[in-house]
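Enquirer: Structure incoming, see below.
The values are calculated or read from the model by the stated rules, or taken from the named source; none is laboratory data. Small disclaimer: the values here were computed from a predicted structure and weren't measured. So basically every Cβ, Gly included, is an ideal-geometry build from the backbone, and we count neighbours across all protein chains shown. Remember, those area values only see protein heavy atoms, side chains included, never the ligands or the DNA or RNA. Shrake-Rupley method; radii C 1.70, N 1.55, O 1.52, S 1.80 Å.
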Amino acid sequence: MKKLFAILILTGVFTMGADAQLLYKVSGNGLDKDSYIVGIHKLVNPQGIVQRIPGIKEAMIATDQMYFELTPDSASFIKAARTLAGGKNLKEVLTPGQYDKLNAFLKKYESVGLESPHVQKRYGNLTPIAMKDELEKLLFVANHMSEYDPTHTFNEYFEAQAKVNKEPRCGLNSTDEQIAHLKKLPMQRQAEILMDFIEHEDAQLGTMDKIVAAFEKQDVDAIAKVQKMNPEIARTITIWSTMMPGIMKTPTLFVVDAAKLGGEEGLLSRLKKGGYTVEGVK
């Protein structure tokens, strides 16, 4: 079947290093046909980037299915797991001091705090770990205004292309496992993670800036040096590397966070150690 490309051409300024890539071809080790891995950034718009990734159109033509970190239709289930149970709100699960710090952060970036009905409706019943993710977006948008649009993400771009070509869209992570992980993290630990983000705002922003700069240069190894891999992510990558041989019996385009690709413990290195040839597409 001839594949269609009905997605709008995305244009803009994008700098790329001579020896850097976001798209990688996986071959050998018994594969009949090549598969591909493309690194993305969850908060950076695809505009001006996707069409400047060498070989991306050819990779979409050559593959018959797409795998994302999560199954595209899992969003509603994940959203429910990010909401406090029993109608509780953040004021009930945070200490007064923690709540005041959160409110101050929101006032800084939203102009109003949780006393606002609008802000309370948007954030008030989120779990602390979900709130941390929202603060990350706020901090990113405040300093990278033109680079983030929640309605136009890399995942949405590739999902739309898969739909056009009537290709299966699957997830490397089990939705049930993801939900179970969100629910089993103790509320006190979630609150500690949230406070660590708020109390180290400048350091968090510095890390964001470095990751965005490395991403714009398509340098996954530089991203790995900035965003250190924790044991949980390392475990996830190990699981992926054991799943992928079976998945790649069908030529596949994997769409994953660029931070999980580079470095000695990254996905690319794991696949090489597993006997595959992994080459950056130039």
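Enquirer: Mind listing just one residue for me: the one in segment 64-97 that is more than 30 Å from THR175 (Cβ to Cβ) and either touching a Leu at 6+ places or on another chain (Cβ under 6 Å) or in a helix (DSSP H, G or I) (or both) and, of those, most open to solvent (accessible area, probe 1.4 Å)?
Expert: PRO96
Enquirer: Continuing with the same structure: Quick one: how many residues across segment 105-117 are over 27 Å from the mean Cα position of the chain (by Cα) and in a helix (DSSP H, G or I)?
Expert: Final tally of qualifying residues: 1.
Enquirer: Could you tell me whether any residue of segment 173-187 is in contact with a Pro (Cβ under 8 Å, 6 or more places away or on another chain), over 25 Å from GLY48 (Cβ atoms) and not in a helix (DSSP H, G or I)?
Expert: no
Enquirer: Of all the residues that make up segment 188-213, how many are among the acidic types (Asp, Glu) and either in contact with a Ser or Thr (Cβ under 7 Å, 6 or more places away or on another chain) or open to solvent by less than 40 Å² (accessible area, probe 1.4 Å) (or both)?
Expert: Of the residues in segment 188-213, 1 are among the acidic types (Asp, Glu) and either in contact with a Ser or Thr (Cβ under 7 Å, 6 or more places away or on another chain) or open to solvent by less than 40 Å² (accessible area, probe 1.4 Å) (or both).
Enquirer: Another question, then. Restricting attention to segment 121-145, which residues are more than 18 Å from the chain's Cα centre (by Cα) and more than 24 Å from ARG189 (Cβ to Cβ)?
Expert: LYS121, ALA142, ASN143, MET145
Enquirer: So ARG52 clears everything in (1) open to solvent by 20 Å² or more (accessible area, probe 1.4 Å); (2) out of contact with any helix residue (DSSP H, G or I) (no Cβ under 9 Å at 6 or more places or on another chain); (3) within 26 Å of ALA214 (Cα to Cα); (4) at pLDDT below 85 except one condition, right? Which one?
Expert: The one condition ARG52 does not meet is (4).
Enquirer: Turning to a different aspect of this structure: Just to verify a result, which residue in segment 228-273, among those that are under 24 Å from PRO46 (Cβ atoms), part of a helix (DSSP H, G or I) and of a type in the set (A, V, I, L, M), is most open to solvent (accessible area, probe 1.4 Å)?
Expert: Checking each candidate, the answer is ILE233.
Enquirer: Quick one: in segment 90-113, which of the residues that are polar (S, T, N, Q) and at pLDDT 95 or above is farthest from GLU199 (Cα to Cα)?
Expert: Step by step, filter segment 90-113, then rank; the result is THR95.
Enquirer: Of the conditions (1) in contact with a strand residue (DSSP E or B) (Cβ under 8 Å, 6 or more places away or on another chain); (2) among the aliphatic types (A, V, I, L, M); (3) farther than 30 Å from PRO251 by Cβ, LEU139 fails just one. Which one is it?
Expert: Checking LEU139 against (1) in contact with a strand residue (DSSP E or B) (Cβ under 8 Å, 6 or more places away or on another chain); (2) among the aliphatic types (A, V, I, L, M); (3) farther than 30 Å from PRO251 by Cβ, the one that fails is (1).
Enquirer: Now a separate question. Among (1) assigned to a helix (DSSP H, G or I); (2) modelled with pLDDT of 95 or more, which single condition is PHE215 missing?
Expert: (2)
Enquirer: Mind listing whichever residues of segment 245-276 are farther than 25 Å from PRO168 by Cα and not charged (D, E, K, R)?
Expert: Those that are farther than 25 Å from PRO168 by Cα and not charged (D, E, K, R): GLY262, GLY263, GLY266, SER269, GLY274, GLY275.
Enquirer: Ok, one more. So how many residues does segment 218-227 have that are open to solvent by less than 40 Å² (accessible area, probe 1.4 Å), part of a helix (DSSP H, G or I) and not small (Gly, Ala, Ser)?
Expert: Counting residues in segment 218-227 that are open to solvent by less than 40 Å² (accessible area, probe 1.4 Å), part of a helix (DSSP H, G or I) and not small (Gly, Ala, Ser) gives 2.
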